[in-house]
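Note sheet for the following structure.
The values are calculated or read from the model by the stated rules, or taken from the named source; none is laboratory data. Since the structure is predicted, the reported quantities are computational estimates derived from the model, not experimental observations. Methodologically, a virtual Cβ is constructed for each residue, glycine included, from the backbone with ideal geometry; neighbour enumeration extends over all protein chains shown. Ligands, DNA and RNA are stripped out before the accessible areas are found, and what is left, the full protein with its side chains, is counted by its heavy atoms. Shrake-Rupley method; radii C 1.70, N 1.55, O 1.52, S 1.80 Å.
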Amino acid sequence: MLIKNIFFSVSVLLSLAIGTPSLAGIAQDKELKELDIIQSNLDTQKEWITYRHDQAVAACYQQFWMQRCMDKARVQFLKENKVVRDQEIALHDRQRYVNEVIKDEQDQQRLAEYQSPQKVKERAENRANFEEKQRLRAERVTELEERRKDADKRAQENRKTSPLD
């Protein structure tokens, strides 16, 4: 059963690794989901390998040649784990490739959107609005400074014309 699972996983991984890259984002998302399923299957296989190793080690304590039995169990564990690890390496390579393709497509979409005539016009309008606001702010600041300079003079004039005097 384990060999069939391993063979199936290897065949799926090889078909994914050799397959042509898809250009649609939906297909890549679907492929990422499939790769996640394969990863969960590999995790399950690793857990079973660890479980069988732990069982073998526990059984070794009942034997006279305990160390030799544990060494054999360890060798078997490493052998099975290497098969799963090789599959994981191929899987992770494919995941990195798919994620890279998705990122490249998103970057191209962002660049195309950034360079679209509508966005260019919008940025030009925003820049013009900003410069106008800066100019108006500068005018208000200079007007305020002039009013502060003339504040004493206006205060004197207001005192002279005040009906309360």
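Numbers for the structure displayed
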quantity: Residue count, region 46-105 (criterion: under 27 Å from the mean Cα position of the chain (by Cα) and either touching a residue at least 24 places away in the same chain (Cβ under 8 Å) or over 30 Å from K33 (Cβ atoms) (or both)); calculated: 15
quantity: Extreme residue, modelled with the lowest pLDDT, among residues of region 109-151 that are surrounded by 10 or more Cβ atoms within 10 Å (Cβ to Cβ) and not in a helix (DSSP H, G or I); calculated: D150
quantity: Residue ID - modelled with the highest pLDDT, chosen from residues in region 18-76 that are outside any helix (DSSP H, G or I) and within 30 Å of R96 (Cα to Cα); calculated: A24
quantity: Residue list for region 87-108, restricted to those being under 17 Å from K30 (Cβ atoms) and open to solvent by less than 60 Å² (accessible area, probe 1.4 Å); calculated: L91, R94, Q95, V98, V101, I102, E105
